[in-house]
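This report concerns only the one structure given below.
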Amino acid sequence: MSKGVAITGMGIISAIGNNVTENYQSLINGKKGISRVSKINTIHKDDIMVGEIASTNLELEQQLGLTPDNNYSRTALLGAIAAKQAIQDAGISDINTYKTGLVSATSVGGMDMTETYYYDYLENKSTQKYIEGHHAGDSTQKIAEQLGIKKSLVTTISTACSSAANAIMLGARLIKSGKLDRVIVGGADCLSKFTINGFKTLMILSDTYNTPFDENRKGLNLGEAAAFLVLESDEVIAAEKKEVLGYVKGYGNANDAYHQTASSENGDGATLAMQKALKVAAYTAKDIDYINAHGTATGNNDLSEGRAILRVFGEEIPDFSSTKAYTGHTLAAAGAIEAVYAVLALQHNIIYPNLNFKTQMKEFDITPQLELKEKELHTVLSNSLGFGGNCSTVIFSKEQ
C-alpha cells in the first residue's frame, strides 16, 4: 500500500496569469488581477470588481483546437487548459500507462452558457446543445476527454468554496489506499451572472479591491480560474524516476453546521479541519511554517478563520496571508489555485504579501504578512472554507 502522495505536475489559469510561471511572477511582484466587469453583461458591472481572465471563449477554444460546433462552457474550457498544463508539467506522455483518475471540482458548471441562451432555447435549436453542458459533471467529462482518461474513475466534487481542496483530499486518499496510481485533482469555475447575482443578494461583494483580514473590509471580489495538480504514488515515482514538486501530507474537512451561508463566529469547522489535517500528517502546530488562509475579506470569514487560527496555533501563529486580493475568490477552484501557490511557496521559500491591508481587526491582534518575505519553508497549510462552515485544510510539504 502506498503511503506517499507526491505532486509531480501543476497547471493554472487565473486573472494573474495563463500558466504557473505567469502566476508566480504576479505573486512576487504584487500584480493584482482585479478590475471592473468587462465580459459579462450584468447590471452590476459598475458596482463591483472581479478577477477576470483576459482570454475570450473563442481564444480558449482555439487553444484546445475545438471545432465551432462545440458545446464547451467557459468552466470546461478553463479546466481543460489547466489540466493539460499539469499533465505536460508532469511529463506524462501516456495517461493510461498507470491507473489514473480525475477528481474535478466546480460550483458554476455550465451556467454561463445556459443563462446566456436561456431565452433562445425554444426558438433557436442551435443553442440547445448548451443544455447538455449545464450540469457540473459535464465539465469534468470534457476535461477527462481532453486528457484521454479512459476506463477509470472520473468524478466531480461540488462543496462550494472548499470543493477543490476536497478534490485534493479524495485524490490523496485514493492513492494512499492503493485504488489508483495517479490522480489529476483540482477545480474550475468561470464568472457568471448567476453567481454575481447570488453573492450580491448575500450583500458580500465589494465595490473596490478586497482587503483580507482588514478591519474595514467590505467584501469579496469574485474571480474565475482553474488549476490542477498531478498526484502520484511512491511506486510511480520510483518506476519513472520522477521529479517531485512536493507532497500532500495531511488533510481534513469538517462542517460546523452553524448556518446555511456562514461559518460560526468561533471558527468551529475550520478549527476541526486544521486539527484533522495535522493529525493525518502526524504534525504539531509548531511544524507549520506558513498558512495560505482562505481570507475572503468578508466580515464573517475573516473573523471566523482568524479565531480558528488562534485556537489551533495559540500564541505561536505562523506567518499567514490570503492571496485572494490577487485573483479574487475563485469559488470551487480556490483550493486548487491556492494549492499551486502553496507548492510554489515551498519551492521558492517565499511568503506572499496580504495585499491591501491597512487596519488591524479589533477582535484579535494577529496580523497577516504584509510584505513579500523570504523564509525557509518546509510545510504550508492551506485553508478552504465553504458555505455553512464546510471547511477543508490541506498540508503540503517538501518532505515525504
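The values are calculated or read from the model by the stated rules, or taken from the named source; none is laboratory data. Being a predicted model, the structure only gives us computed values, none of them experimental. Cβ coordinates were reconstructed from backbone atoms using ideal geometry, including for glycine residues, and neighbour counts include every protein chain displayed. Side chains included, ligands, DNA and RNA excluded: accessible areas come from the protein's heavy atoms. Shrake-Rupley method; radii C 1.70, N 1.55, O 1.52, S 1.80 Å.
Before moving on, here are some points about what is shown:
- Selected residue (only one of I337, I350 is at pLDDT 95 or above and buried (at least 24 other Cβ atoms within 10 Å of the Cβ)): I337
- Extreme residue, farthest from F194 (Cα to Cα), among residues of the range 56-73 that are open to solvent by 20 Å² or more (accessible area, probe 1.4 Å) and either in a helix (DSSP H, G or I) or of a type in the set (G, A, S) (or both): G65
- Single residue of the range 162-191 satisfying the filter (among the hydroxyl-bearing types (S, T, Y) and in a helix (DSSP H, G or I)) that is nearest to V230 (Cα to Cα): S163
- The single residue among S206, S162, S192 that is in contact with a Cys (Cβ under 8 Å, 6 or more places away or on another chain) and buried (at least 21 other Cβ atoms within 10 Å of the Cβ) turns out to be S162.
- Restricting attention to the range 362-395 and to residues that are closer than 21 Å to G328 by Cβ, touching a helix residue (DSSP H, G or I) at 6+ places or on another chain (Cβ under 8 Å) and not in a strand (DSSP E or B), the residue that is least open to solvent (accessible area, probe 1.4 Å) turns out to be G386.
- Set side by side, the residues K249, K242 differ, and just one is open to solvent by 30 Å² or more (accessible area, probe 1.4 Å), in a loop (DSSP other than H, G, I, E, B), more than 20 Å from A332 (Cα to Cα) and touching a residue at least 24 places away in the same chain (Cβ under 8 Å), which is K242.
- Only one entry in G186, G137 is modelled with pLDDT under 95 and under 22 Å from the mean Cα position of the chain (by Cα), namely G137.
- Among all positions in the range 107-126, there is at least one residue which is of a type in the set (A, V, I, L, M) and surrounded by fewer than 18 Cβ atoms within 10 Å (Cβ to Cβ).
- Considering only residues in the range 23-40 that are touching a Ser or Thr at 6+ places or on another chain (Cβ under 9 Å) and open to solvent by 70 Å² or more (accessible area, probe 1.4 Å), the one that is modelled with the highest pLDDT turns out to be K32.
Listed here are the residues, each with its yes/no results for (1) of a type in the set (D, E, K, R); (2) outside any strand (DSSP E or B); (3) in contact with a strand residue (DSSP E or B) (Cβ under 8 Å, 6 or more places away or on another chain); (4) in contact (Cβ under 8 Å) with a residue 12 or more places away in the chain.
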site	(1), (2), (3), (4)
A257	no, yes, no, yes
Q275	no, yes, yes, yes
I291	no, no, yes, yes
H294	no, yes, yes, yes
N301	no, yes, yes, yes
E315	yes, yes, no, no
Y341	no, yes, yes, yes
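- Scan of the range 209-239 for residues that are over 27 Å from R173 (Cα atoms) and open to solvent by 10 Å² or more (accessible area, probe 1.4 Å), ordered by number: Y209, T211, E215, N216, R217, K218
- Residue list for the range 257-284, filter: open to solvent by less than 30 Å² (accessible area, probe 1.4 Å) and not polar (S, T, N, Q): A262, G267, G269, A270, A273, M274, A277, L278, A281
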